[in-house]
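J.: Starting off with a structure, shown below.
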Amino acid sequence: MSTLTIAIVIVFCIGYLCIALESLTRVNKAAIALLMCVFCWTLLMVGPAAYYPAVAEGDVIHHIAEVIEHHLGDAAGTLFFLMGAMTIVEIVDSNGGFNFVRDTMKTRSKRKLMWRVAFMTFFLSAILDNLTTSIVMIMVLRKLVQSRGDRLIYAALVVISANSGGAFSPIGDVTTIMLWIKGVITTQGVITEIFIPSLVSMLVPAFILQYQLNGKFDKENNLPKAEVSQFTKAQRDIIFWLGVGGLCFVPIFKTITHLPPFMGILLVLGVLWTVTEIFHYNTAEDDTMAKRVSDLLSKIDLGTIMFFLGILMAVAVLQEVGVLAMLGQTLDATFEGNHYLVTGIIGVLSSIVDNVPLVAGCMGMYPVQAAGDLAIDGIFWQLLAYCAGVGGSMLIIGSAAGVVVMGLEKITFGWYMKRITWVAFAGYLAGILCYWLERTFIMG
């Protein structure tokens, strides 16, 4: 490994450490990710000829510009998909589309509420995404559960259920979106083969946690419906089904047209946006289109988008200098090609560090093969989707869902690690066992 390559790795590791210690440094991880990206690419430009010996010396700068544009194009597909999905969810939420969720949850039994929360979170996160679903469910729980002690148990289950539900859907988690857009997993493959392991990884912790909740709530909880614009219930239902149904349609659109997934998201966004504008014809005069659009876009978390951009482009540098390929060879040599063990370790690591760069790194480490575990929908890629998503539940900082719930409910790292980590780990291992049984005895 050359001195320049070592310098790039050091910059990446320092940046990664700063991202992991965001709570201590108090510097936004998006800013660190962008700096890390720029510094890594700048170091690459110090001696570019060493990495592209086949390119003529006079053309190497032009070649690197093309390489950056190629990686940026791959990253942009993921980012536009996320931005479109986030906007669709904001449209549905801001116009009262999720009101039915609150009504469905209402019950006096603590354990019944727990199972309703678990299943609702699990399936919603597969359709929306684990981050957005966690926010919606925590807002619902605040209206249903007054006891902070009980609510923390529900909140922890929301994190586990959201991550498990996102793992079996191509649009349920950022990492599955990345793998799906890359083409290493298919919609049919990940849903049919990862659904049961993901469900088990939610059921096992829910079964254990139910024994920490006993009795009933003091009185029937009445869920007030939010006043949203001047839309009728029928209009809110239309917005909900267009948004959620549209997100479900995106994989079908990709299969039919062979266009990138973000094109399907833009189609759904355009239709939903048009319908809401038509519904707004009879609203107050000061509720102008410009005001609605600006209010909506201001709710999109662009900091998260910038973080993903920085991370994906920084990982691309490691791929270009050959570090990821070398790491992949080392892992294979160390564990003798046991992809269950490799992905299992990656899943545990994803609870400590962000799963986005881990998955991005794995996509660079392992080339897609025509057959075997590394083929499209092979064992490695499907397990990577499962482990990187579900593994993040083991620590409160291990997933986007965990981080947002931690902030909303002020859950401490120590409380979660003491009460929930072993529960999530039990579900994680149970899911991997289910996948092994599927592959070994059902699929042969």
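No value in this document is a laboratory result; all are computed from the given coordinates. Fair warning: this is a prediction, and the values are worked out from it, not measured in the lab. Glycine also receives a Cβ, built like all others from the backbone with ideal geometry; neighbour counts cover every protein chain displayed.
J.: Find how much the distance from M1 to L341 grows on full extension, using 0.36 nm per residue of separation minus their present alpha carbon separation; answer in nm with one decimal.
T.: 119.7 nm
J.: From the helices alone, meaning DSSP H stretches of at least four residues, give me the mean residue ellipticity at 222 nm for the chain, per-run term -39500 (n - 2.57), in deg cm²/dmol to the nearest 500.
T.: After summing the helix terms and dividing by the residues of the chain, the value is -23500 deg cm²/dmol.
J.: Hey, rough spin-label estimate for E57 and Q188, points 7 angstrom out along Cα→Cβ, what's it come to in nanometres?
T.: Output for this residue pair reads 5.4 nm.
J.: Let me ask another. By its C-alpha gyration tensor, with a ≥ b ≥ c as the square roots of the eigenvalues, how is the range 131-175 shaped: rounded for a/c under 1.5, else prolate for a/b larger than b/c, else oblate?
T.: Taking the square roots of the gyration eigenvalues as a ≥ b ≥ c, the range 131-175 is prolate.
J.: Among G344, G372, G310, which one shows the highest mean-square fluctuation when the chain is modelled as a Gaussian network with alpha-carbon springs under 10 Å?
T.: Largest GNM mean-square fluctuation: G372.
J.: Another one. Between the alpha-carbon centers of the range 360-437 and the range 1-21, tell me the distance in whole angstrom.
T.: The distance from the Cα centre of the range 360-437 to that of the range 1-21 comes to 24 Å.
J.: Loop-only check: which chymotrypsin sites (Phe, Trp or Tyr not before Pro) in the range 411-444 are DSSP coil with at most 12 other Cβ within 10 angstrom?
T.: none
J.: Using the basic label-point model (7 angstrom from Cα toward the beta carbon), what is the V27 to K233 distance in nanometres?
T.: Those two pseudo-labels are separated by 5.4 nm.
J.: Using the scaling law 2.2 N^0.38 Å as the reference, what is the normalised Cα Rg of the chain?
T.: Its radius of gyration relative to the 2.2 N^0.38 Å reference: 1.01.
J.: Points 7 angstrom from Cα along the Cβ direction at Y281 and T440: gap in nanometres?
T.: Reported label-point gap for Y281 and T440 is 6.3 nm.
J.: What range in the chain is the longest one free of GluC sites (Glu not before Pro) that are in a loop by DSSP and have at most 15 other Cβ atoms within 10 angstrom?
T.: In short, 1-219.
J.: Is there a pair in K112/K299; K112/K143; K29/K143; K110/K299; K216/K410 whose C-alpha atoms are over 21 Å apart, and which pairs would that be?
T.: K112/K299; K29/K143; K110/K299; K216/K410
J.: Which Rg and Dmax, in Å, describe the Cα atoms of the range 86-149?
T.: Expressed in Å, the Cα Rg and Dmax of the range 86-149 come to 11.8, 35.
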